[in-house]
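Novice: Below: one structure in structure tokens.
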Amino acid sequence: MNRKVSKIKMEVAFMRLALLGDLHYSSMSHGTEEMRAARVRAYEHMLKVFLKEDADYHISIGDLTHEGTALELQSMFSMLAKSERKFIHVLGNHDTYSLPKHEISTLTGQERYRAIDTPDVRLIFLDTTQEMNREDWGGELDEEQLTWIKGQLADSHEKQVLVFGHHPVFDTTARSTLDKLYIRPQDELRGVFNSLPGGGIYFCGHNHMNSIVKQEEWHYVQTAACLDVPAYRVIEVHEGEVVITHQRMLDADLMNDIQSFCHDTPGFGPVANAVGEESDLILSVRITSAAQ
């Protein structure tokens, strides 16, 4: 296994991605001056480290913001604009609490779902959120998107397929059978995925715990919230192979700053054992397409 990963890392990747878990950037209107100062330092530190990673795309898996207000979104994208990185914002339920989705798209300049095609890789980004529904933070997919993703998968041919959505598929990664912690209807998206003979990888967040699970020909990769586990994933796509690693942001001052405000953030509850096991952090998987 180690020999295999080392060999792959010597090759040139078709694509390199950096993936950030739930960030939950809050305007902290309720907080003290000290808490707000700690929040600024923590988020600036995490974004700086994340954006320093060399990648073709830098991706937020959702809940980039905590309340989804115009102020929070503007603050985040202002910080992101300081970098020339290609940034993709997958909508999370917290991102959609305060504004209609068309207003979010206007403010951020990002489509709510889309695909990026290269000769070797197809990236599919979903919107699994409801609109302005604070009472139900579970996921769902509208019929328009379901029809669209079926076409995207059917037309993927021999390309590596990576799908990104905020909510987990039911009964896959950790905590994904709990109420409001998966996409409804329960088995619909899994059935769509399994229609692709060569399989693929689905990346999600929402459940604030690292977890990697294989079912049928698909791998499901869930990433913990940054306030629980300050870290990000790096995804390298090679010929027929995807290598995923986990990069921790190990900094004592950062951890102290996070602890000073995250427990007092309404609506954010730390998750025990969020980092998971070693098998939830790294993955090297051969994906065989239908055309091979």
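The values are calculated or read from the model by the stated rules, or taken from the named source; none is laboratory data. This structure is a prediction, so every number in the text was calculated from the model and none was measured. When we count neighbours, we look across all protein chains shown, and the Cβ atoms used for this are built from the backbone with ideal geometry, even at glycine. Only protein heavy atoms, including side chains, enter the accessible area calculation; ligands, DNA and RNA are left aside. Shrake-Rupley method; radii C 1.70, N 1.55, O 1.52, S 1.80 Å.
Novice: Going by alpha carbons, how many degrees (0 to 90, nearest 10) lie between the helix axis of 33-52 and the longest principal axis of the chain?
Specialist: Orientation of helix 33-52: about 20 degrees from the principal axis.
Novice: Now a separate question. Hey, what D do you get for region 207-292 in µm²/s if you plug the Kirkwood alpha-carbon radius into Stokes-Einstein at 4 °C and 1.567 mPa s? The partial results should precede the final answer.
Specialist: Details: Rh = 14.6 Å.
Calculated translational D: 89 µm²/s.
Novice: Here's something else I'd like to know. Eigenvalues of the Cα gyration tensor times 5, then square-rooted: what semi-axes does that give for region 24-120, in whole angstrom, largest first?
Specialist: Computed over region 24-120, the values are 24, 18, 10 Å.
Novice: Counting only helical runs of four or more DSSP H residues, what would the 222 nm mean residue ellipticity of the chain come to if each run contributes -39,500 (n - 2.57) and the total is spread over all its residues?
Specialist: Dividing the helical sum by the residues of the chain leaves -8000 deg cm²/dmol.
Novice: Given the options Phe50, Phe268, Phe87, which has the most mean-square fluctuation in a GNM of the chain, springs set between C-alpha atoms less than 10 angstrom apart?
Specialist: Looking only at Phe50, Phe268, Phe87, the biggest GNM fluctuation is shown by Phe268.
Novice: For the chain, what is the accessible area per residue in Å² when the probe is 1.4 Å? Kindly include the intermediate steps, with their values, before the conclusion.
Specialist: Values: 12720 Å² over 292 residues.
Result: 44 Å² per residue.
Novice: What distance in nm separates the two pseudo spin-label positions at Ala154 and Asp251, each 7 Å out from Cα along the beta-carbon direction?
Specialist: Modelled inter-label distance: 4.8 nm.
Novice: Which entries in Lys86/Lys159; Lys48/Lys86; Lys48/Lys82 show an alpha-carbon gap greater than 19 Å?
Specialist: Distance filter (> 19 Å) returns Lys86/Lys159.
Novice: Take region 162-209, drop everything but the C-alpha atoms, weight them equally and run the Debye formula without solvent; then report log10 I(q)/I(0) at 0.16 Å⁻¹ to two decimals.
Specialist: Rounded to two decimals, the profile gives -0.40.
Novice: Could you give me the ³J(HN,Hα) list for region 254-270, computed from phi with Karplus coefficients 6.51, -1.76, 1.60 and θ = phi - 60°, whole Hz, x at Gly and Pro?
Specialist: Coupling constants for region 254-270: 4, 4, 5, 5, 4, 5, 6, 10, 5, 6, 9, 8, x, x, 10, x, x Hz.
Novice: To the nearest µm²/s, what D does Stokes-Einstein give for region 182-238 at 25 °C and 0.890 mPa s, using the Kirkwood radius over alpha carbon pairs as Rh?
Specialist: Values: Rh = 12.7 Å.
It comes out at roughly 193 µm²/s.
Novice: Measure nothing fancy, just the Cα-based angle from helix 70-81's long axis to the longest principal axis of the chain, in degrees from 0 to 90, nearest 10.
Specialist: With rounding to tens, the tilt is 60 degrees.
Novice: Over region 149-292, with every protein chain in place, what whole percent of the accessible area is carbon and sulfur at 1.4 Å, could you tell me?
Specialist: Details: 2610 of 5610 Å².
Summing carbon and sulfur atoms, their accessible area is 47 percent of the total for region 149-292.
Novice: Of all alpha-carbon pairs in the chain, indicate the percentage at a distance above 25 angstrom. Walk me through the intermediate numbers first.
Specialist: Details: 18645 of 42486 pairs.
When all Cα pairs of the chain are counted, 44 percent exceed 25 Å.
Novice: Toward the positive end of the charge dipole of the chain, about the Cα centre and with charges on Cβ (Lys, Arg +1; Asp, Glu -1), which of Gly109, Leu64, His246 goes farthest?
Specialist: Farthest along the dipole direction, towards plus: His246.
Novice: Now a separate question. Length gain on complete extension for the stretch Leu71 to Gln215, per 0.36 nm per residue less the alpha carbon to alpha carbon distance?
Specialist: 47.8 nm
Novice: Here is a follow-up. Does a label point 7 Å from the Cα of Glu188, set along Cα-to-beta-carbon, have any residues of region 139-176 with amide nitrogen under 13 Å, and which are they?
Specialist: 139-150, 170
Novice: How far, in nm, would the chain grow between Glu278 and Leu107 when pulled straight, counting 0.36 nm per residue and subtracting the alpha carbon separation? If you can, show how the numbers build up before the last one.
Specialist: On the way: separation 171, 0.36 × 171 = 61.56 nm, distance 3.85 nm.
Extending this stretch completely gives an extra 57.7 nm.
Novice: Which order do you get for Thr147, Thr118, Thr265 if you rank them by accessible area with a 1.4 Å probe, largest at the top?
Specialist: The ordering from most to least exposed comes out as Thr147, Thr118, Thr265.
Novice: Helix 143-154: angle to the longest alpha-carbon principal axis of the chain, degrees 0 to 90, nearest 10?
Specialist: Relative to the chain, helix 143-154 is tipped by roughly 40 degrees.
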